[in-house]
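Here the structure comes first, spelled out in C-alpha cells, and everything after it is commentary.
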Amino acid sequence: MRDIWHFLGWFALFFSLLSLRSIAVAPEGETSYDSSSIYNQEESLIVSTDALSDSGSTLWEPILGAAPETDTPTVALPAPEVKESSEPLSTVTTFVRPDGVFAPRSLRESLRINYESDAFSGKISPLSLVYDGDRVEPRGQVSGRTLTMSLHIPTVDESLAVFIHELGHIVDIQHLRKGTLSADPSKSFYALSWQSSSEKIPSATIADFVSGYALSNQYEDFAETFAFYVLHNETFRKRAESNESLRRKYEFMRDEVFSEEAFEGTDFGTETVAAYFWDGTKLPFDRKKYLFFIR
Ligand SMILES: [Zn+2]
C-alpha cells in the first residue's frame, strides 16, 4: 500500500512540473505554443507541400560535417521576455531546434538581410523563424506565422531561395489576407489558373506556370511565382510577354505585392533558365549580388 502512495506522489509531481513547463514556454499572443506544438498546431491552413523529388538523404553531409563557427548559435526557444506593449510587431524571432543545434552564420546572415529588407519586412512580420536540425523534407514549411527551415539544405544559396519561397506563403496567407472580413487579394491571383485550391481551370496549360512545382496547387503557384519574381524578374517578364496568364501573375506581384520598381529590371540568375524547370529554388543565382541589392 505504501508503494502505491509513493507512486501517486511522484505521478502528481510529474504532471505539475509538466504543466509548469508549458506555461513557461508559451510566448505571448499564442495559445499552447511550445517547441513540439509548433509542428502540431491545427492551423486553418498549413502549407507543407514543399517535398521535392530530387533531394535525398545525402543532404545531411555538408552541414553536419562542417566545423561549427565561433559565434554563438541562436538560442533555442527561450522563456519569453516580457515585452513593452508599445513595441511594434515588426519582429522576426529566431529559434533553433533541437536545443543547441548549429545554424551556420552565413545562412543566418543571408536570411536576416532578406527579412530585414524593406522589400519584405513589412509584409512578413511578426514571424517565428525556426532552424530545424531534424528536418530534411520538406526543406521549408509555413504554419501560421512560423516558418521552419531545414538545416540540411546543401547550400546557402538554395536555403535562401527556399526561404524566399516560404516568405511567399507568408505574404499570400498572412499579409494579403488581412482579417477574414475583407476580400482576399490572393483570390484574384488564384483565379488566373485555379478553380479550387488544387484544381486548375480547364484552359490552363503548363506554360501558364513559372515552374513544374507551381502546378501543385494555388498556394505553391503563388509561392513559386513570388520567388521567381524576386530572383529572376527579367526572365519572368520576358516569358510573360508571350503568355497572358504569366503576364497577369507578373503584374499581380508587381502591383499587389511589391511596390513598383522593387525588383523590376533585376535578374539575379547566373544561367539561362530553361523553358520548363521543376523547382525554382534550385535555379542558380548570385546570392551576394541579390543581398547587396535588397540591403
Ligand atoms: Zn511551398
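The values are calculated or read from the model by the stated rules, or taken from the named source; none is laboratory data. Keep in mind that what you see is a predicted model, and the values were worked out from it rather than measured. Cβ sites come from the backbone with ideal geometry, for glycine too, and all protein chains shown count toward neighbours.
Tabulated data for the structure shown
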| read-out | value |
| --- | --- |
| Enumeration of residues in the stretch 138-155 that are more than 13 Å from the ligand (Cβ to nearest atom) and surrounded by fewer than 22 Cβ atoms within 10 Å (Cβ to Cβ) | 144, 145, 146, 154, 155 |
| Wholly within the stretch 174-270, helices (runs of 4 or more DSSP H) carrying at least 2 residues that are within 15 Å of the ligand (Cβ to nearest atom) and not charged (D, E, K, R) | 186-190, 218-231 |
| Extreme residue, surrounded by the most Cβ atoms within 10 Å (Cβ to Cβ), among residues of the stretch 268-289 that are of a type in the set (Ser, Thr, Tyr) and in contact with an Asp or Glu (Cβ under 9 Å, 6 or more places away or on another chain) | 281 |
| The stretch 253-295, subset farther than 20 Å from residue 208 by Cα and of a type in the set (Lys, Arg), residue modelled with the lowest pLDDT | 295 |
| Residue list for the stretch 126-135, filter: over 12 Å from the mean Cα position of the chain (by Cα), buried (at least 17 other Cβ atoms within 10 Å of the Cβ) and more than 16 Å from the ligand (Cβ to nearest atom) | 133 |
| Enumeration of residues in the stretch 271-283 that are free of Cβ contacts under 8 Å to residues at least 40 places away in the same chain and either among the charged types (D, E, K, R) or not in a loop (DSSP other than H, G, I, E, B) (or both) | 271 |
| Output for the stretch 201-226, where each listed residue is closer than 22 Å to residue 171 by Cα and in contact with a strand residue (DSSP E or B) (Cβ under 6 Å, 6 or more places away or on another chain) | 218, 219 |
